[in-house]
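K.L.:
The following block contains the structure, expressed as structure tokens.
The values are calculated or read from the model by the stated rules, or taken from the named source; none is laboratory data. Quantities reported herein were computed from a predicted structural model and do not represent experimental measurements. Please note: Cβ atoms are built from the backbone with ideal geometry, for glycine as well, and neighbour counts cover all protein chains shown.
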Amino acid sequence: MAFTFEDLRQACQSEWDAYIKHDFVQQLGNGTLAEDAFRHYLKQDYLFLIQFGRAYALAAYKSPTLDDLRQAKAGLEAIIGLELGLHIEYCRQWGISEAELQALPEARATLAYTRYVLDTGNRGDLLDLHVALVPCLIGYAQIGKWLAQRSETVRGDSNPYEHWMRMYEGEAFQQAAAMELEWLNRELAEVSPRRFEQLVRIFRDATRLEIDFWDMGLNQRM
């Protein structure tokens with residue numbers, strides 16, 4: 001039996017739905033999310049991206065093949081060389097300076113998820129690390145699609161979060177998620193049922209931690 005990402009998702013369907021359709025996401029799509037909640041999320045997402053970059057550096061170290069190494073290098077360059085710069089500029093538009101971002105403490109939800117990813121990667125292999133990361137990359141791509149297709153979503157200038165939605169439904173991010181999905185499906189196709197169950201536990205835990213990250217933003221918790 002060849003496993004795929006869809007098997008992972010279906011094994012954790014309730015957690016996945018709670019993540020993709022979280023109140024934070026729905027309020028963002030409706031344009032009703034409190035701006036202070038969004039600013040809090042943006043600040044912590046900056047800190048998350050730094051740790052995400054570290055995770056791709058770990059992926060490079062864990063890469064057994066040249067193709068895996070190239071993929072890890074591309075991911076690291078995309079985050080550190082491109083996405084962090086865009087994120088800093090976007091935060092500036094929301095009245096958050098780079099100096100403020102650099103002085104931020106990490107919220108407990110940020111610490112919990114990012115360190116879980118790094119610990120999983122350190123303890124396991126490259127596939128373990130990717131499975132811990134995919135709720136973020138593939139999840140945000142699916143959130144972007146879900147918001148775009150949802151009838152209640154408010155689009156255009158009347159929604160202050162239009163730029164955020166366009167970023168994750170956009171071609172560049174969707175293509176990056178598709179490349180990750182292709183790699184993941186290729187690797188999952190080779191695993192045994194017992195190994196798959198181990199990966200399900202990692203995926204479920206990471207998805208639950210993503211839910212906590214939304215909760216953190218919505219409730220502005222540290």
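K.L.:
Scan the range 9-30 residue by residue and report those that are surrounded by 16 or more Cβ atoms within 10 Å (Cβ to Cβ) and either aliphatic (A, V, I, L, M) or within 19 Å of Val131 (Cβ to Cβ) (or both). Talk me through it step by step, then tell me what you get.
P.N.:
To start, the set of residues in the range 9-30 that are surrounded by 16 or more Cβ atoms within 10 Å (Cβ to Cβ) comprises 9, 11-12, 15-16, 18-20, 22, 24-29.
Within the range 9-30, Arg9, Ala11, Cys12, Glu15, Trp16, Ala18, Tyr19, Ile20, Val25, Leu28 meet the criteria.
K.L.:
Another question, if that's okay. Evaluate the range 105-124: report whether one residue or more is more than 19 Å from Ile50 (Cα to Cα) and of a type in the set (Asp, Glu). Full working, then the answer.
P.N.:
To start, the set of residues in the range 105-124 that are more than 19 Å from Ile50 (Cα to Cα) comprises 123-124.
Narrowing further to those that are of a type in the set (Asp, Glu): none.
No, the range 105-124 contains no residue that is more than 19 Å from Ile50 (Cα to Cα) and of a type in the set (Asp, Glu).
K.L.:
Another question about this same structure. From the list Pro105, Pro64, exactly one residue is modelled with pLDDT of 90 or more, surrounded by fewer than 13 Cβ atoms within 10 Å (Cβ to Cβ) and not in a helix (DSSP H, G or I). Which is it?
P.N.:
After ruling out the rest, the residue left standing is Pro105.
K.L.:
Further, regarding this structure: For the range 178-192, state whether one or more residues are at pLDDT 90 or above, within 19 Å of Gly29 (Cα to Cα), part of a helix (DSSP H, G or I) and not hydrophobic (A, V, I, L, M, F, W, C).
P.N.:
No: the range 178-192 contains no residue that is at pLDDT 90 or above, within 19 Å of Gly29 (Cα to Cα), part of a helix (DSSP H, G or I) and not hydrophobic (A, V, I, L, M, F, W, C).
K.L.:
Could you please find all residues in the range 197-220 being farther than 14 Å from Arg39 by Cα and aliphatic (A, V, I, L, M)?
P.N.:
Result: Leu199, Val200, Ile202, Ala206, Leu209, Ile211.
Residues are listed down the side, and each one gets a yes or a no for (1) at pLDDT below 90; (2) aromatic (Phe, Trp, Tyr); (3) surrounded by fewer than 17 Cβ atoms within 10 Å (Cβ to Cβ):
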{"site": "Gly75", "(1), (2), (3)": "yes, no, no"}
{"site": "Gly95", "(1), (2), (3)": "yes, no, yes"}
{"site": "Leu111", "(1), (2), (3)": "no, no, yes"}
{"site": "Thr120", "(1), (2), (3)": "no, no, no"}
{"site": "Leu126", "(1), (2), (3)": "no, no, no"}
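K.L.:
Looking only at the range 18-45, how many residues end up being under 15 Å from the mean Cα position of the chain (by Cα) and either β-branched (Val, Ile, Thr) or under 18 Å from Ala141 (Cα atoms) (or both)?
P.N.:
Of the residues in that region, 10 qualify.
Rundown of residues vs (1) surrounded by 14 or more Cβ atoms within 10 Å (Cβ to Cβ); (2) in a helix (DSSP H, G or I); (3) among the aromatic types (Phe, Trp, Tyr); (4) touching a residue at least 40 places away in the same chain (Cβ under 8 Å), yes/no style:
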position: Asp7; (1), (2), (3), (4): yes, yes, no, yes
position: Thr32; (1), (2), (3), (4): no, no, no, no
position: Ala37; (1), (2), (3), (4): yes, yes, no, yes
position: Phe48; (1), (2), (3), (4): yes, yes, yes, yes
position: Gln51; (1), (2), (3), (4): yes, yes, no, yes
position: Arg54; (1), (2), (3), (4): yes, yes, no, yes
position: Ile88; (1), (2), (3), (4): yes, yes, no, yes
position: Glu100; (1), (2), (3), (4): no, yes, no, yes
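K.L.:
All but one of (1) in a helix (DSSP H, G or I); (2) surrounded by 18 or more Cβ atoms within 10 Å (Cβ to Cβ) hold for Leu84, so report the exception by its number.
P.N.:
Of everything listed in (1) in a helix (DSSP H, G or I); (2) surrounded by 18 or more Cβ atoms within 10 Å (Cβ to Cβ), Leu84 misses just condition (2).
K.L.:
Quick check, is Ala59 under 19 Å from Leu209 (Cβ atoms), in contact with a helix residue (DSSP H, G or I) (Cβ under 6 Å, 6 or more places away or on another chain) and crowded, with 19+ Cβ neighbours inside 10 Å?
P.N.:
yes
K.L.:
While we're here: Out of the residues in the range 154-177 meeting the condition of being aromatic (Phe, Trp, Tyr) and modelled with pLDDT under 90, tell me which one is surrounded by the most Cβ atoms within 10 Å (Cβ to Cβ).
P.N.:
Among those residues, the one meeting the criterion is Tyr168.
K.L.:
For Ile143, which of the numbered conditions (1) among the hydrophobic types (A, V, I, L, M, F, W, C); (2) touching a residue at least 24 places away in the same chain (Cβ under 8 Å); (3) exposed (fewer than 13 other Cβ atoms within 10 Å of the Cβ) fails to hold?
P.N.:
(3)
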